[in-house]
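The values are calculated or read from the model by the stated rules, or taken from the named source; none is laboratory data. Predicted, not measured: the structure shown is a model, and the values here were computed from it. FYI the Cβ positions are ideal-geometry reconstructions off the backbone, even for glycines, and counts take in every protein chain you see. These accessible areas exclude ligands, DNA and RNA; they are computed on the full protein's heavy atoms, side chains included. Shrake-Rupley method; radii C 1.70, N 1.55, O 1.52, S 1.80 Å.
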Amino acid sequence: MVDFTRLPRHVAIIMDGNGRWAKRRGLPRTAGHAAGAETFRSVATYCKDIGLDYLTVYAFSTENWKRPLEEVSAIMGLLKKYLLESIEKMERDQIRLHFFGDLSPLPQELRDLCARTDKISTRYDGMQVNVCLNYGGRDEIVRAARAFARDCAQGKCSPEALSEADFSGYLYSAGIPDPDLVIRPSGEVRISNFLLWQSAYAEFYYTDVLWPDFGKDELHRALAAYQSRSRRFGGI
Ligand code: FPP
């Protein structure tokens with residue numbers, strides 16, 4: 001049973017298993033991503049309805065460019081469709097969107113759309129969904145280290161004075177609380193370069209369910225598992 005008065009503030013999800021879901025049905029992998037995008041839409045709406053503050057999803061990693069062009073284009077197309085729809089419905093849905101990742105290699109149209117969505121989101125104050133796009137945890141940390149080194153070179157700060165909180169301010173997630181719960185469907189039990197810094201004290205939930213089949217019941221199981229854990233953050 002989920003105690004809806006003790007929910008995590010921030011849930012992060014690795015949306016995995018779209019390809020296998022499609023293969024099992026004799027469909028092209030792109031059909032799996034389309035189904036995965038629908039699941040994302042319903043999970044995000046439900047997370048907003050129950051009152052989560054932040055949801056972060058892994059939509060496209062720095063390694064996903066290795067996939068066939070057709071598949072990459074299909075994912076970009078789904079993102080575009082979703083962003084266009086969410087801009088239209090943001091006032092009604094109160095789901096704000098923000099992006100983690102280096103957006104520079106993305107198609108210009110999609111970059112413009114991300115910038116527009118981000119800007120419109122600042123007008124609202126509902127749940128925030130962070131979409132990780134061309135995102136990699138190590139890449140994020142290296143970029144943060146570069147930015148910090150640049151600031152030091154300009155005399156704005158000193159290496160000795162750097163705290164963990166200061167360093168967090170150089171990450172894509174600056175100002176956002178760390179995820180309390182990281183969910184990975186599809187039976188894979190690894191972190192795959194996702195929120196490496198931010199998930200230092202997160203609880204993990206793994207399930208064999210493939211992402212397109214991930215529904216309310218599975219989310220409830222993940223939340224109940226989270227609530228059954230004792231978080232000690234290194235203490236006793
Ligand atoms: C991983 O499954 C999934 C992806 C790399 C893409 C995720 C993209 C979406 C759900 C669609 C667009 C997103 C939004 C936010 C609208 P996989 O392809 O690695 O599955 P497999 O391991 O079964 O092959």
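Let me know the charge dipole size of the stretch 77-236 about its Cα centre in debye, to the nearest 20, where only the beta-carbon of Lys, Arg (+1) and Asp, Glu (-1) is charged.
Working: 21 positive and 23 negative charges, 25 e Å.
Dipole size: approximately 120 debye.
Helix-only estimate, please: 222 nm mean residue ellipticity of the chain, summing -39500 (n - 2.57) across DSSP H runs of length 4 or more and dividing by its residues, to the nearest 500.
Numbers: 7 runs with 103 residues, N = 236.
Only helices count here, giving -14000 deg cm²/dmol.
For the stretch 71-141, what is the relative contact order in percent, using Cα pairs closer than 8 Å and at least 6 residues apart in sequence? Each step should come with its number before you reach the end.
Values: 72 pairs, mean separation 28.6, N = 71.
Value for the stretch 71-141: 40 percent.
Which residue, G26, G215, G137, tops the fluctuation ranking in a GNM of the chain built on C-alpha contacts under 10 Å?
Looking only at G26, G215, G137, the largest GNM fluctuation is found for G26.
From the backbone phi of the stretch 198-213, what are the Karplus-calculated ³J(HN,Hα) couplings (6.51 cos²θ - 1.76 cosθ + 1.60, θ = phi - 60°) in whole Hz, Gly and Pro given as x?
5, 8, 3, 10, 6, 8, 10, 10, 10, 8, 7, 4, 7, 3, x, 9
Would you mind telling me the antiparallel percentage of the DSSP bridges in the chain, rounded to 5? Show your work: numbers first, answer last.
Details: 0 of 25 bridges.
Here the share of antiparallel DSSP bridges comes out near 0 percent.
Return the single residue from W197, W211, W65 with maximal mean-square fluctuation; model: Gaussian network over the chain, springs between Cα atoms under 10 Å.
Highest fluctuation among the options: W65.
With the alpha-carbon atoms as the only input, what is the per residue convex hull volume for the chain in Å³?
Details: hull volume 33.3 nm³, N = 236.
Per-residue hull volume (Cα only) is 141 Å³.
When ligands, DNA and RNA are left out and all protein chains stay put, how many square angstrom of accessible area per residue does the chain have with a 1.4 Å probe?
Numbers: 12100 Å² over 236 residues.
Roughly 51 Å² per residue, with all protein chains present.
Sort out for me the Cα centre separation of the stretch 174-228 from the stretch 42-78, rounded to whole Å.
14 Å
What nm value, rounded to one decimal, do you get for the distance between S104 and K119 when each label is placed 7 Å out toward the C-beta?
2.1 nm
Return the sequence-ordered ³J(HN,Hα) values of the stretch 170-186 in whole Hz as given by the Karplus equation 6.51 cos²θ - 1.76 cosθ + 1.60 applied to θ = phi - 60°, using x for Gly and Pro.
9, 8, 4, 8, 3, x, 9, x, 4, x, 8, 9, 10, 10, 10, x, 6
Check which residues have an amide H placed less than 5 Å from F100's amide H, if you skip close sequence neighbours.
V131, C132, L133
Would you mind computing, in nm to one decimal, how far apart the modelled labels at E85 and L69 are, each placed 7 Å from Cα along Cα→Cβ?
2.8 nm
Placing +1 at every Lys and Arg Cβ and -1 at every Asp and Glu Cβ, with all other atoms neutral, what dipole size does the stretch 1-110 have around its Cα centre, in debye to the nearest 20? Kindly include the intermediate steps, with their values, before the conclusion.
Details: 16 positive and 14 negative charges, 81 e Å.
With only Lys, Arg, Asp and Glu charged at Cβ, the dipole is about 400 debye.
Amide H of E203: which non-local residues (sequence gap of 5 or more, or other chain) have their own amide H closer than 5 Å, using H built in the peptide plane?
L181, V182
Based on the alpha carbon coordinates of the stretch 47-172, what radius of gyration and maximum Cα-Cα distance (Dmax) apply, in Å?
Spelled out, the Cα radius of gyration and Dmax of the stretch 47-172 are 16.7, 48 Å.
First compute the accessible area of the chain with a 1.4 Å probe, then give the percent of it belonging to carbon and sulfur atoms. Working shown, then result.
Details: 6250 of 12100 Å².
Roughly 52 percent of what the probe reaches on the chain is carbon or sulfur.
Using modelled backbone amide H atoms (1.01 Å from N, in-plane), which distant-in-sequence or interchain residues come within less than 5 Å of I13's amide H?
Residues meeting the criterion, in which the H sits 1.01 Å from N, are T56, V57, Y58, I183.
Over the chain, what is the mean sequence separation of C-alpha contacts under 8 Å (at least six apart), divided by residue count, expressed as relative contact order in percent? Write down the numbers at each step before the final one.
Details: 345 pairs, mean separation 68.7, N = 236.
Once divided by the residue count of the chain, the mean separation gives 29 percent.
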